[in-house]
Each structure stands twice: as C-alpha cells, then as structure tokens.
Amino acid sequence: MKRILLLLLSFLTVWSAFGQNVPAYLKAEELPDAVIFLPPPPEEGSAHFELDQAMYEWGKTQREGERGLRARAEGTTDVDTMALMFSKAFGLKLCQESTPKTLHLLKRSIRTFRLGATKPKAHYMRLRPFVFHRESTLIPEYEEHERVTGSYPSGHTVRGWGMALVLAQLNPEKQDELLLAGYEWGQSRVIAGYHWQSDVNASRLLASACFARLQACKEYLEDIEEAREELKELWEKQED
C-alpha cells in the first residue's frame, strides 16, 4: 500500500510540474497504447538486458566534462527551459516573450506525449538502473523521488524526442539538427543513470507514435498553423 501511495504521489508531482491549465491535445484512451504495441522491457539475463548493462557502464564513463554537464542540464522537465535549450538547433530563440504561440503548442504537445507514457510506466514499474545497482546517479538530488517511479519507458526521452519532432515539423530545414538534439536528450538519461538504453529506445518509438496520432488532431493542426505564422513574422524581421 505504501508503494502504491508513493507512486500516486510521484505522478501527481509530475502533473503539477506541467501546470494543470495546459491540457493535452488528446485523452489517454485516444493515444496509441504502448502496452500493446511496444515489447515489454528486457528480462534479466537476456541478450537485450546485457546490452542495457553495457550501456549503463558506458554512461558512467561520460559523466565527466562537457557531456556530463549537458546530461545534468537535460534532466529538466520544464518546457520553457527545454525550448531555450532547443533554440540553437531550431535557429531561433524560443521563449514565452517572443514566441508564445509556439510555446503553447510545445506545452500541449509534450503533455500529450507524456500522457502516452503514463500507462506503460505504471504497468511495468521497471527498476531504474541506479536502483538496480544501488549506485548514485549524475543528478543525486532527484534520486529519492525517482526511485519509486517506473523506468520503462523514459518520460524525459518522450519529452525531448517529442519536442524535436514538433520543432522539425515547424522548421524542416533544421530537422537534422533538431533530431540530433532530441536523440542526445535521451542518451543523457542513460548517462545520468536514470534509464536503461531500452527505456530510451522505447520512448522514441512511443513519442513518434503519439506524434503521428497528433497529425489527425484538429486542435493540434490549428496550433501548428498559428505557430508557423508567428515564426514566419520573426524570420521575416530577421531578414530585414
């Protein structure tokens, strides 16, 4: 019972962080069901789990220097902060002051992606690598909260890959830079010790599935067009 209460508390904390006044574009039951279309996480002793173990050890070798600093920074779940961090790859500063419609689109989109990860996380409740190995992470201040939440799939990766996909839709000319940024966002979770590589890989598939579903959502498509108009004006001012 205590474990269930802790899990519920952790989910409430996540929802609070997103802000209850920003709704997802779709309901949970309208999103692709990852429990059905994704395989379960690898079992201990399997070849896939051995790969997870190898990547966990690789991640620990990346914690020093610039890559470690990046992995720490990419531990954020704040969409405004994420947007600023993706701005370089996007080619334009993304913030509430200059691109409010784009930020609105990103906040609703990422909440939708994250909603798609809620069911499989609760279903599998996979131990995170730092809990499995009883070791510390690159970001120890989050360990107490995260040790009672599921590892598969990675919510951080869903956010990062999802943001990359939406921004690439807005600015196809920068798609390669944006997708690279989204890919590295997921790898930061392996480096930090909070996720197995298979958690991250599954999250990219999950976010891509939710992104595809959004293409049939009228509200999302309307917000995409509004964001494009907003960005078009800013790009035209830059050219002047």
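The values are calculated or read from the model by the stated rules, or taken from the named source; none is laboratory data. Just so you know, these numbers come straight off a predicted model, no measurement behind them. Here Cβ is always computed from backbone atoms with ideal geometry, including for glycine, and neighbour counts include all displayed protein chains. Keep in mind that these areas ignore ligands, DNA and RNA; they rest on the heavy atoms of the full protein, side chains included. Shrake-Rupley method; radii C 1.70, N 1.55, O 1.52, S 1.80 Å.
Quick notes on this structure:
- Gain in span if fully extended, ALA122 to GLU135, counting 0.36 nm per residue against the direct Cα distance: 2.4 nm
- Approximate spin-label separation ARG228-GLU97, in nm, with each point projected 7 Å along Cα-to-Cβ: 2.9 nm
- Å² of accessible area per residue within the chain, as computed with a 1.4 Å probe and no ligands counted: 49 Å²
- Rounded to whole numbers, the Karplus 3J(HN,Hα) couplings from phi for segment 44-60 are 4, x, 7, 4, 5, 5, 4, 5, 4, 4, 5, 6, 4, 5, 4, x, 5 Hz, using 6.51 cos²θ - 1.76 cosθ + 1.60 with θ = phi - 60°, and x at Gly and Pro.
- Calculated P(r) of the chain - Cα pairs past 34 Å, %: 14 percent
- Three-way shape label, segment 33-153, alpha-carbon gyration tensor, a/c 1.5: oblate
- Sorted peptide list for 147-157, 24-34, criterion being average Cβ within 10 angstrom, highest first: 147-157, 24-34
- Rounded to the nearest 20 debye, the dipole size of segment 105-240 about its Cα centre is 980 debye, using +1 on the Cβ of Lys and Arg and -1 on the Cβ of Asp and Glu.
- Placing unit charges on the Cβ atoms only, positive for Lys and Arg and negative for Asp and Glu, gives segment 56-169 a dipole magnitude near 440 debye about its Cα centre.
- Listed pairs LYS88/LYS232; LYS93/LYS174; LYS93/LYS218; LYS88/LYS121 exceeding 25 Å between Cα atoms: LYS93/LYS218; LYS88/LYS121
- Hypothetical label at ASP176: residues of segment 81-109 whose amide nitrogen lies under 16 Å (7 Å Cα-Cβ projection): 89-91
- Straightening the chain between LEU205 and ASN21 buys 63.5 nm, computed as 0.36 nm per residue apart minus the Cα-Cα spacing.
- With a Förster radius of 25 Å applied to the beta-carbon distance between ASP80 and LYS218, the computed FRET efficiency rounds to 0.45.
- Around the Cα centre of the chain, unit charges on the Cβ atoms of Lys, Arg, Asp and Glu (plus for the first two, minus for the last two) sum to a dipole of about 740 debye.
- Treating r as the C-beta distance of ARG63 and SER87 and R0 as 25 Å, the FRET efficiency rounds to 0.50.
- Computed on the Cα trace of segment 109-234, the radius of gyration divided by the Kirkwood hydrodynamic radius gives Rg/Rh = 1.04.
- Carbon + sulfur, % of accessible area of the chain - ligands and nucleic acids excluded, 1.4 Å: 56 percent
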